[in-house]
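I have placed the structure first, in the form of C-alpha cells, so that the comments after it can refer back to it.
Values in this text are rule-based calculations from the coordinates and carry no lab data. Predicted model only: the values in this text are computed from it and were never measured. Using ideal geometry, Cβ is built from the backbone for each residue, glycine included, and neighbour counts are taken over all protein chains shown.
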Amino acid sequence: MRILPVLLYLQLAFMPFLVSAQFPQHKMTEQEKLLMPQYLREARSHSNRFSVPFSAVRASAEWEEIDALTITWTGFQSILKEIVRAAAVETRVIIVCSDSNTVKNYLTSNGVSLTNTEYLIAPFNSIWCRDYGQWNVYTNDVDTLALVDWIYNRPRAKDDSVPASVQRHTGLPMYTMTQAPFDLVHTGGNFMTDGWGTGFSSRLILDENSGKTESEIDSLMHRFMGINRYIKMSNLPYDQIHHIDMHMKLLDEETILVGEYPPGVADGPQIEANLQYVLNNFNSVFGTPYKVIRIPMPPDNFNAYPNTGGDYRTYTNATFVNKTVLVPTYEERHDTTALRIWRESLPGYNIVGINCNSIIPSLGAIHCITKEVASSDPLLISHQAYRDAIASTSAYQIDSRILHRSGISSANVWYRTDTTQLYSSVAMTLTDTLLNLWTGFIPQQNPGSTVYYYIEASSISGKTQTRPLPAPAAYWKFNIILNTEINNSISSVIFEVADIFPNPSKGITCIPVQSENIRQFEVGLYNIHGQKISDIFTGQISGEKKLFFDSRELASGVYFIRIQDLEHSILKKIIVR
C-alpha cells in the first residue's frame with residue numbers, strides 16, 4: 001500500500017475540522033473538490049483492497065432479512081440513540097466509534113439498553129455511512145454472503161476505509177471496486193435494488209465516472225452487484241447531492257414510494273418526469289407495471305420548500321430493519337399523514353418515527369446514516385401480491401419463488417377473511433424446480449370478502465421464514481368482487497384472453513384472444529425483467545382468434561405475454577422449460 005503524500009494525508013485526516021467543527025457536510029465542499037483528483041488516485045492504488053466476484057451474484061433488497069445494522073457515532077447523537085433504541089429490538093447494531101465507553105454512557109443515560117449492541121473502534125470522518133458503507137451480495141441467489149465496496153465519492157479516506165473495518169469485524173468476504181478496469185466511484189444513497197437484478201440511480205453515477213461509458217458502468221454493476229437492468233434518472237435541480245433516497249423508496253419488488261411536492265414546486269416536476277420515464281419504459285421483475293404510492297415532501301417550519309431556501313424534508317429517507325421501519329419525522333401537522341401512508345403501505349410493520357429536524361438541513365435523514373449487513377443464512381421468499389379477483393368457483397393461485405441454500409422442506413399459504421379470527425393454511429407444492437417456484441391455492445371465498453394472507457416456508461436445515469417478515473401481523477390482501485361491482489374502467493375492457501397453453505411450454509404455444517368488436521392489438525413477449533423479447537402479433541382482431549409463438553429457442557424461465565389494445569393491457573405469465 002502506497003503512503004499518502006503528507007500534505008494530502010493531513011488534509012484528509014483533519015477534514016472534519018476544515019469543513020465543520022463537528023462533522024463534514026453531506027455534500028462536497030469546495031475544499032474537497034480540490035482534493036478529489038488526488039484522493040481518487042490514492043484510492044485506486046490500494047491493491048490490498050482488490051477482489052473480484054468469482055461467480056454470479058445477487059444484491060439483496062433492503063426489505064430482506066438482515067443480521068446487523070451499522071451506524072457511525074459522530075454528531076446528531078439524539079437521532080443515533082433513537083435508531084439504536086428501535087433497531088436493537090430487531091437485530092444487532094454495530095456502532096462504529098472512537099470510544100465505546102462514551103457511547104455506552106450516552107445510551108445508558110438516555111434509557112437505551114445496550115443489549116444487541118456492538119462497538120467497532122475504527123477511523124471515520126463522518127456520519128453518512130449509507131454513502132460510504134458496505135453493500136450485500138449473495139452467490140447463487142442465497143448461498144454465500146459477501147460485502148461489496150466501491151470508491152466513496154467524497155475525499156474522506158477514513159470514511160472510505162469503514163467497509164474494510166466492517167469486513168474485518170464480521171469476517172465476511174468482500175469484493176472491491178477500486179482498481180482499473182473495475183474501479184467505480186459511487187455513493188449508497190444513490191442506489192437501490194429490487195433484489196432481482198434491477199437497480200435505480202440518478203445520473204450522478206454517470207457524472208462521477210466520466211472516464212467510463214454507460215455500458216462499462218452497467219457491466220461493472222452486473223459483475224459486482226448482479227444488476228441486469230440499471231435504470232438511471234435525471235438529477236433533480238434542488239437536491240444538492242442527487243441521491244435518489246431523498247425522494248423515492250422501493251417497498252417491495254413492484255412498489256415505489258415517491259415523494260410528492262405541490263404542483264410546480266421545487267423538484268416536483270422533475271420527480272414526476274423521472275417517474276413517468278420509469279413507468280413508461282420499465283416493468284417490475286414480475287413483468288407488471290410498477291405500483292406507485294405518493295407521500296408528501298413537506299415544507300420546513302417556515303413553510304418554505306427547497307426552491308425558496310427551505311429544508312429538503314423527506315419521508316422516503318427511511319430504513320428497513322427487519323420487522324421495523326425507521327421513518328424521519330419533523331412536525332405533527334405533516335407527520336400524521338406521512339406515518340399513516342407508511343402504515344397503510346406496509347400493514348403489520350412497526351413504523352417508528354424519529355425526529356430529524358436537526359439533521360435535515362445537512363441534506364440527509366435516517367437512511368443516510370444507517371447501513372445493513374444482510375443475513376448470512378437467508379430464506380428468500382419472493383412473491384407478487386395477488387390482485388382483486390372476480391367472484392367465481394375457482395381457487396386463488398398463489399405463486400412464490402422460495403430459496404434456501406439447504407433447500408426448502410415445506411411451504412404454506414396462511415389466509416383468513418376476518419382479522420379477528422385465526423389463519424387457516426394450505427400447503428404449497430414445488431411446481432418448478434428450475435425457478436424454485438412454489439404454488440398453493442386459497443379456497444374460493446364469498447363475494448364481498450377480503451382475503452388476508454402470508455407465506456411461510458421452512459428450509460431443510462430447519463430455518464423458518466415468513467413474507468412479509470412481520471407476518472402474521474403483516475399480510476397481503478385482495479378483495480373478492482361481484483361483476484356488478486367492477487368499476488367502469490374494468491367493465492370497459494371488451495376483450496378477453498383465455499389461459500395460454502401449453503403452460504409450461506417448450507414449442508408451439510397458443511394465445512386465445514377474443515374481442516367483441518374490431519380492435520387493433522399488439523401482442524409481445526417479455527422476459528422477467530420487463531424487457532421485450534419479440535413481437536408476436538400486430539393487427540386487428542374481431543371475435544375469437546388464436547395467436548401462436550414458438551418457445552423452443554427461449555432459455556428456460558418465466559416470461560410474460562402482454563396483450564394490449566389502444567386502451568387496455570393484459571399480462572399472462574408463461575413458464576418455458
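What is the local net charge at Thr419, summed over the other residues whose Cβ is closer than 15 Å to its Cβ (Lys, Arg +1; Asp, Glu -1)?
Working: positive: Arg343, Arg416, Lys477; negative: Glu344, Asp418.
Taking every Cβ under 15 Å from that of Thr419, the sum is +1.
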Translational D (Stokes-Einstein, µm²/s) of the range 493-576 at 25 °C and 0.890 mPa s when Rh comes from the Kirkwood sum over C-alpha pairs? 191 µm²/s
Using Cα-Cα distances under 8 Å and only pairs 6 or more residues apart, what relative contact order does the range 183-270 have, in percent? 30 percent
First measure r as the distance between the Cβ atoms of Thr420 and Arg340, then evaluate 1/(1 + (r/R0)^6) with R0 = 30 Å and state the FRET efficiency to the nearest 0.05. 0.85
With labels modelled as points extended 7 Å from the Cα through the Cβ direction, what inter-label distance (nm, one decimal) is found for Ser78 paired with Asp550? 7.1 nm
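Within 10 Å, count the other beta carbons around each residue, average over each peptide in 239-250, 562-573, 534-545, and list them highest first. Intermediate results must be reported in sequence, preceding the final value.
Values: 239-250: 24.7, 562-573: 15.2, 534-545: 12.8.
The densest-packed peptide leads the list: 239-250, 562-573, 534-545.
Treating only the Cβ of Lys, Arg, Asp and Glu as charged (+1, +1, -1, -1), what charge dipole size does the range 380-484 show about its Cα centre? Round to the nearest 20 debye. The partial results should precede the final answer.
On the way: 7 positive and 5 negative charges, 48 e Å.
For the range 380-484, the charge dipole is close to 220 debye.
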Of Lys463/Lys532; Lys477/Lys532; Lys232/Lys323, which ones are farther than 32 Å apart at the Cα? Lys463/Lys532
Could you work out the pair-distance distribution P(r) of the range 380-484 from its alpha-carbon pairs, with 5 angstrom bin width and percents rounded to whole numbers? 2, 13, 24, 24, 18, 11, 6, 2, 1, 0
Going by Cα centres, the range 123-143 and the range 63-101 are how many Å apart? 14 Å
Identify, among Pro181, Trp128, Asn283, the residue whose Cα sits farthest towards the positive end of the charge dipole of the chain, taking +1 on the Cβ of Lys and Arg and -1 on the Cβ of Asp and Glu, with the dipole about the Cα centre. Pro181
Cross-link candidates for Lys158: which aspartates and glutamates have Cα within less than 18 Å, leaving aside residues fewer than 8 places away along the same chain? Glu32, Glu42, Asp99, Asp131, Asp149
Placing +1 at every Lys and Arg Cβ and -1 at every Asp and Glu Cβ, with all other atoms neutral, what dipole size does the chain have around its Cα centre, in debye to the nearest 20? 860 debye
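Assign unit charges at the C-beta atoms only (+1 for Lys and Arg, -1 for Asp and Glu), then state the dipole size of the range 304-428 relative to its Cα centre in Debye, rounded to the nearest 20. Numbers along the way, then the final one.
Values: 10 positive and 10 negative charges, 41 e Å.
The calculation lands at about 200 debye.
Normalised by the number of residues in the range 6-374, what is the relative contact order in percent for Cα pairs under 8 Å and 6+ residues apart? Walk me through the intermediate numbers first.
Numbers: 741 pairs, mean separation 73.1, N = 369.
Answer for the range 6-374 is 20 percent.
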Distance in nm between label sites at Asn140 and Lys532, each 7 Å beyond Cα in the beta-carbon direction? 3.8 nm
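Which chymotrypsin sites (Phe, Trp or Tyr not before Pro) in the range 271-318 pass both tests, a DSSP loop state and at most 13 other beta-carbon atoms within 10 Å? Show your work: numbers first, answer last.
Details: sites: Tyr277, Phe282, Phe286, Tyr290, Phe302, Tyr312, Tyr315; in loops: Phe282, Phe286, Tyr290, Phe302, Tyr312, Tyr315.
Hits after loop and neighbour filter: Phe302.
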Which of (i) 24.9, 80; (ii) 29.2, 94; (iii) 31.1, 109 gives Rg and Dmax of the Cα atoms in Å as computed here? It is (i)
Where the centroid of each part is defined by its Cα atoms, how far is the range 151-217 from the range 375-421 in Å? 34 Å
Given the candidates Ile480, Val426, Ser458, the one whose Cα lies deepest towards the positive end of the charge dipole of the range 380-484, counting +1 at each Lys or Arg C-beta and -1 at each Asp or Glu C-beta, is Ser458
In whole percent, what relative contact order does the range 493-576 give with Cα contacts below 8 Å and a gap of six or more residues? 33 percent
